[in-house]
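The values are calculated or read from the model by the stated rules, or taken from the named source; none is laboratory data. Bear in mind that the values here come from a model prediction, so they are computed numbers and not experimental data. As a convention, Cβ positions derive from the backbone with ideal geometry for all residues, glycine included, and neighbour counts pool all protein chains shown.
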Amino acid sequence: MIAPQLIRVISLTKRPAGHTPAAFWQQQRARANETNWCAALQQSGSIMWTQSQPINTEYAAQDPVADWVDEYDFADIASAESWRRQLFAHTPDALMALTDVVIAKACPAHLNPNSLTRVLRFAKKREDLTTPQFRRYWKDSHAPIACASPFLSHYVQLHVNDWEYQQQPPKWDGFTLSCFTAIEDISAHAQHPAGAEAAKDTQHFLSPIPSPRLIIQCAATIQPT
């Protein structure tokens, strides 16, 4: 299992009332060309900024949990903490978290990770587990089960960093990014024995209360430094 020292600030934003998804996406993408924003991000020490939007079918039944996802990667915790504070001051209504990146299944070399369809799931630990117990089971026991599926191309766990728990109890204890080469592979993964076993295994470490999920696609990646 690959576990590089990478810190990620993830931010999920809902569009304002009266805005269409398309108009909001355009507004969010435009930030990559804003001089002041880009200068601040460059000074922050971020090594990668990924912008993602929900796929169109996420709006078929009802509004998704978020209309935009920003991911900011850092090599050190101090820089990530500083950017997390700046980001909250800029977008206080966004759901955001400082997380430790655990790459449980690396993206194959012949695939571009930014071209994959990603399923973002929210993770809330079982109440009877401590945070270290939850993280350990999720990483060491659950991940190998899920990664055995041939339809899962890339699998990343985002463990909410201890810094967040020092501020106030976080709403979520982590997020998963399950990445697939095609939208059809999501259902194929669920039907595969490994995918079915992984779904059943969640009872051992996740809260029984259903958590949101969001299917997203990469809109842009920016390297600030």
Among (1) more than 18 Å from F122 (Cα to Cα); (2) surrounded by 12 or more Cβ atoms within 10 Å (Cβ to Cβ), the one test that P16 misses: (2)
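Within region 166-181, can you find the residues that are of a type outside the set (D, E), outside any strand (DSSP E or B) and in contact with a Phe, Trp or Tyr (Cβ under 9 Å, 6 or more places away or on another chain)?
Going residue by residue through region 166-181, those that are of a type outside the set (D, E) are 166-172, 174-181.
Of the ones still in play, those that are also outside any strand (DSSP E or B) are 166-172, 181.
K171, W172, T181 - these are the residues of region 166-181 that are of a type outside the set (D, E), outside any strand (DSSP E or B) and in contact with a Phe, Trp or Tyr (Cβ under 9 Å, 6 or more places away or on another chain).
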K124 modelled with pLDDT of 95 or more and crowded, with 19+ Cβ neighbours inside 10 Å: no
Test: residue in region 68-85 that is surrounded by 18 or more Cβ atoms within 10 Å (Cβ to Cβ), among the aliphatic types (A, V, I, L, M), in contact with a Phe, Trp or Tyr (Cβ under 6 Å, 6 or more places away or on another chain) and not in a loop (DSSP other than H, G, I, E, B): yes
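Does R8 count as free of Cβ contacts under 8 Å to residues at least 40 places away in the same chain, within 20 Å of D73 (Cα to Cα) and surrounded by 14 or more Cβ atoms within 10 Å (Cβ to Cβ)? I'd like the intermediate steps shown before the answer.
Values: free of Cβ contacts under 8 Å to residues at least 40 places away in the same chain: no; within 20 Å of D73 (Cα to Cα): yes; surrounded by 14 or more Cβ atoms within 10 Å (Cβ to Cβ): yes.
No; evaluated as a whole, the condition is false for this residue.
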Cβ-Cβ under 7 Å pairs, at least 6 apart or on other chains, region 209-225 side in a strand (DSSP E or B), far side modelled with pLDDT under 95 and surrounded by 15 or more Cβ atoms within 10 Å (Cβ to Cβ): C218/N114; A220/A32; T221/N114; I222/A32
Members of region 135-158 that are surrounded by fewer than 20 Cβ atoms within 10 Å (Cβ to Cβ) and either within 24 Å of V65 (Cα to Cα) or hydroxyl-bearing (S, T, Y) (or both): Y137, S141
Hits in region 1-41 (condition: of a type in the set (G, A, S) and under 18 Å from the mean Cα position of the chain (by Cα)): A3, S11
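Just checking, how many residues over region 30-42 are surrounded by 11 or more Cβ atoms within 10 Å (Cβ to Cβ) and either at pLDDT 95 or above or closer than 20 Å to P92 by Cβ (or both)? Before you say what the answer is, go through the steps one by one.
So in region 30-42, the residues surrounded by 11 or more Cβ atoms within 10 Å (Cβ to Cβ) come out as 31-32, 34, 37-42.
Checking the rest, the ones that are also either at pLDDT 95 or above or closer than 20 Å to P92 by Cβ (or both) come to 31, 34, 37, 40-41.
Here the count works out to 5.
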Subset of region 104-119 (residues that are touching a His at 6+ places or on another chain (Cβ under 8 Å) and aliphatic (A, V, I, L, M)): A106, L111, L116
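Do we have any residue at all in region 80-93 that's without any contact (Cβ under 8 Å) to a residue 24 or more places away in the chain, closer than 13 Å to S11 by Cβ and touching a strand residue (DSSP E or B) at 6+ places or on another chain (Cβ under 7 Å)? Before the answer, list the steps.
Narrowing region 80-93 to residues without any contact (Cβ under 8 Å) to a residue 24 or more places away in the chain: 85, 88-90, 92.
Restricting the remaining residues to those that are closer than 13 Å to S11 by Cβ gives 85, 88-90, 92.
With touching a strand residue (DSSP E or B) at 6+ places or on another chain (Cβ under 7 Å) added as a condition, the list becomes 88.
Checking region 80-93: at least one residue is without any contact (Cβ under 8 Å) to a residue 24 or more places away in the chain, closer than 13 Å to S11 by Cβ and touching a strand residue (DSSP E or B) at 6+ places or on another chain (Cβ under 7 Å).
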Residue that is farthest from S115 (Cα to Cα) [pool: residues in region 182-200 that are surrounded by fewer than 16 Cβ atoms within 10 Å (Cβ to Cβ) and not small (G, A, S)]: K200
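Looking at region 95-139, which of its residues are assigned to a loop (DSSP other than H, G, I, E, B) and out of contact with any Phe, Trp or Tyr (no Cβ under 8 Å at 6 or more places or on another chain)? Quick ask: steps written out before the conclusion?
The initial filter retains those residues of region 95-139 that are assigned to a loop (DSSP other than H, G, I, E, B), namely 106-112, 116, 124, 126-130.
A106, C107, P108, A109, H110, L111, N112, E127, D128, T130 - these are the residues of region 95-139 that are assigned to a loop (DSSP other than H, G, I, E, B) and out of contact with any Phe, Trp or Tyr (no Cβ under 8 Å at 6 or more places or on another chain).
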Per-region count, region 15-57, residues under 26 Å from T117 (Cα atoms), in contact with a strand residue (DSSP E or B) (Cβ under 8 Å, 6 or more places away or on another chain) and part of a loop (DSSP other than H, G, I, E, B): 4
